[in-house]
Structures are given as structure tokens and as C-alpha cells.
Amino acid sequence: MFLQNVLYINLNMIEQQRVRRFEVLTDLYQKIGYNRKAAFCQRLAAWRHVAVSNTNPDWGQSYRLMLESFPGHKLVLELQQVLESNIGWPVLQIDLLQQLMGTARRLGQSALATRHMTFLLQTMWQHLNAHDQKEMALQLQNLSSQCEGAPVPLVLENGTIIPPANLTDLPLCSQLLVKDLPSHMKPLKIVVAKADSGPFLFTPIQFCSGELISAKTTWKK
């Protein structure tokens with residue numbers, strides 16, 4: 001209760017002091033085993049690093065703090081472990097992964113942002129509504145067009161390894177509805193007028209036949 005009340009104390013401090021206050025609260029919450037509270041304070045510290053009022057925003061430190069808050073959100077970097085455990089709070093996890101992706105973009109790390117967005121879609125797809133699924137899929141398309149993707153680990157400057165995140169849980173087509181083609185794409189039957197070759201007469205008599213001429217000559221004799 002005492003630590004909770006510290007958050008509401010409004011003191012005249014510079015941004016670095018505000019960040020330090022949240023970092024100390026994070027450490028104290030971790031020591032008493034309140035990991036979710038610790039993660040919350042870590043994210044507050046991350047936000048203060050890039051706040052509008054901060055004249056020297058540090059996106060690198062903001063990214064580091066958000067990544068370190070994974071345990072408090074019941075997340076790990078190994079994608080398969082998240083799928084198998086299926087624990088935590090999806091709303092908080094989605095929000096954290098979105099902010100992590102956005103921070104990676106601000107750092108100019110397109111490959112890292114693509115990795116986090118792929119991780120989000122693979123692990124949180126079932127918790128997203130249809131609108132969010134479409135929007136995040138479009139974001140992944142834009143991010144992947146800015147870098148060459150590869151299923152290899154990404155190593156950060158501090159030595160942290162971001163494992164590969166492959167999309168193996170792909171959407172399946174459950175219903176197919178055949179729609180009529182637009183008018184400009186519909187096939188047209190081409191009718192060709194029959195050519196007029198004139199009157200056609202058939203006769204089995206061959207007047208120029210050599211056999212007929214020979215028969216007539218014999219008869220005359």
C-alpha cells in the first residue's frame with residue numbers, strides 16, 4: 001500500500017528523476033514478489049524515457065525496459081513456450097508487444113519490428129478481433145517490405161538474443177462464396193457469321209470419267 005501511494009505523490013522533478021523513481025519502484029516490487037506491479041512500473045519508466053516533455057528521449061532505454069518487463073506479463077521470448085503455456089493477460093500482452101514493435105521502428109530496426117509483429121500475430125491471433133487482425137496483418141506487410149526476413153536469431157547490442165518467430169498458425173478458409181465477375185471481366189461469346197459459299201450441287205455422275213467414255217465407244221461399235 002505504501003508503494004502504491006508513492007505513484008500518486010506529485011513532486012516537482014525533472015524527467016530523469018521521474019524515470020529513476022519508477023525504476024526504484026520496479027526493484028522494490030520485484031523483491032516482494034509483485035511481478036505484475038513491477039512490470040507496470042517498468043513500462044511507466046519506459047514511457048517517461050520518451051515522454052513529450054522529455055527533451056532528450058531515449059528510445060533505446062525505453063525498448064530495454066519494455067523487453068525486461070516480459071516476465072511480469074507472463075511472456076518469454078521463445079514463441080513456442082508462449083503457445084504451449086497460454087498464460088497471462090492477453091490484453092496487456094498485446095499492448096506491450098505493439099509498443100515494443102513501435103519502439104523498434106523508432107529505433108530504425110525494421111527487422112526487429114517485423115520479428116515482434118510476427119510474434120504478436122502468431123501468439124495472440126485468437127485474442128484479436130477481425131478488425132485488429134486485418135490491421136496488424138497490413139502492418140506486418142509494410143514492415144516486411146522494408147527488410148529481408150530470415151528465420152535466424154537477432155542479437156541486440158546488449159547481447160540479448162531475439163529468437164526466430166515463424167508464422168505456422170495460418171488462417172484457414174472455412175467458407176467459400178462464389179461471386180459474379182464484374183462486367184468488364186465477364187467472358188463474351190463471339191458469334192462468327194457463316195460465310196456464304198454459294199449454291200452447292202451434288203451429283204454422282206462423273207462426265208469426264210475415262211471409263212464412261214470407253215463404255216460409250218464400245219456400245220457404238
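The values are calculated or read from the model by the stated rules, or taken from the named source; none is laboratory data. Since this is a predicted model, take the numbers as computed values, not measurements. Reconstructed Cβ throughout: ideal geometry from the backbone, glycine too, with neighbour counts over all protein chains shown. In case anyone asks, the SASA skips ligands and DNA or RNA and just uses the protein heavy atoms, side chains included. Shrake-Rupley method; radii C 1.70, N 1.55, O 1.52, S 1.80 Å.
In a fully extended conformation the segment linking Lys179 and Gln80 would gain 31.7 nm over its present Cα-Cα distance, using 0.36 nm per residue. When the surface is traced with a 1.4 Å probe over the full set of protein chains, Arg18 keeps roughly 60 Å² accessible. Quick one: in region 72-139, what % of C-alpha pairs are over 20 Å apart? Beyond 20 Å sits 24 percent of the P(r) for region 72-139. Using heavy atoms of the protein chains and a probe of 1.4 Å, the accessible area assigned to Thr123 is about 10 Å². The alpha-carbon of Lys31 sits under 18 angstrom from the alpha-carbons of these aspartates and glutamates, leaving out residues fewer than 8 places away in its chain: Glu23, Glu68. Can you give the FRET efficiency for Ile190 and Ser144, using 1/(1 + (r/R0)^6), R0 = 41 Å, r = Cβ-Cβ distance, to the nearest 0.05? E(calc), rounded to 0.05, equals 0.40. Measuring gaps between exposed loop sites in the chain (GluC sites (Glu not before Pro); DSSP loop; at most 16 other Cβ atoms within 10 Å), the longest gap, sites not included, is 1-77.
Before I look further, what does the chain give for accessible area per residue, probe 1.4 Å, in whole square angstrom?
Numbers: 16160 Å² over 221 residues.
Spelled out: the 1.4 Å probe surface of the chain, per residue, equals 73 Å².
Under 16 Å from a label point set 7 Å out along the Cα-to-Cβ vector of Val152, the amide N atoms of region 110-140 belong to 110-112, 115. Ordered from largest to smallest accessible area (heavy atoms of protein chains, 1.4 Å probe), the residues Ser53, Ser183 come out as Ser183, Ser53. Summary of the geometry: region 1-74 and region 75-120, compared by the centres of their Cα atoms, lie 19 Å apart.
With a cut-off of 12 Å, note down the residues of region 75-101 whose backbone N falls inside the zone around a label point 7 Å from the Cα of Asp132 toward its beta carbon. Counting backbone N atoms under 12 Å from the label point, the list is 89-99.
Largest first, how would Val50, Val91 line up by accessible area (1.4 Å probe)? Write out the running numbers ahead of the final one.
Working: Val50 35, Val91 120 Å².
Result of the area sort, largest leading: Val91, Val50.
Can you send over the carbon and sulfur percentage of the accessible area for region 18-80, probe radius 1.4 Å, protein chains only? Intermediate values should be presented prior to the final figure.
Details: 1770 of 3270 Å².
Roughly 54 percent, rounded to a whole number.
Find which of His116, Leu77, Leu167 sits farthest along the positive direction of the dipole of the chain, computed with +1 on the beta-carbon of Lys and Arg, -1 on that of Asp and Glu, about the Cα centre. Farthest towards the positive pole: Leu167.
Here the ratio of the Cα radius of gyration of region 21-170 to 2.2 N^0.38 Å is 1.04.
Could you order Tyr8, Tyr29, Tyr34 so the one with the most accessible surface comes first? Probe is 1.4 Å.
Working: Tyr8 165, Tyr29 10, Tyr34 125 Å².
Of Tyr8, Tyr29, Tyr34, the descending order of accessible area is Tyr8, Tyr34, Tyr29.
Database remark: amide H of Leu154 closer than 5 angstrom to the amide H of Ile162 (H placed geometrically; neighbours at sequence offset of 5 or more, or on other chains; Pro and chain starts carry no H).
Let me have the relative contact order for the chain, percent, based on Cα pairs under 8 Å that are six or more residues apart. Walk me through the numbers before you get to the answer.
Numbers: 182 pairs, mean separation 25.0, N = 221.
Reported as a whole number, the value is 11 percent.
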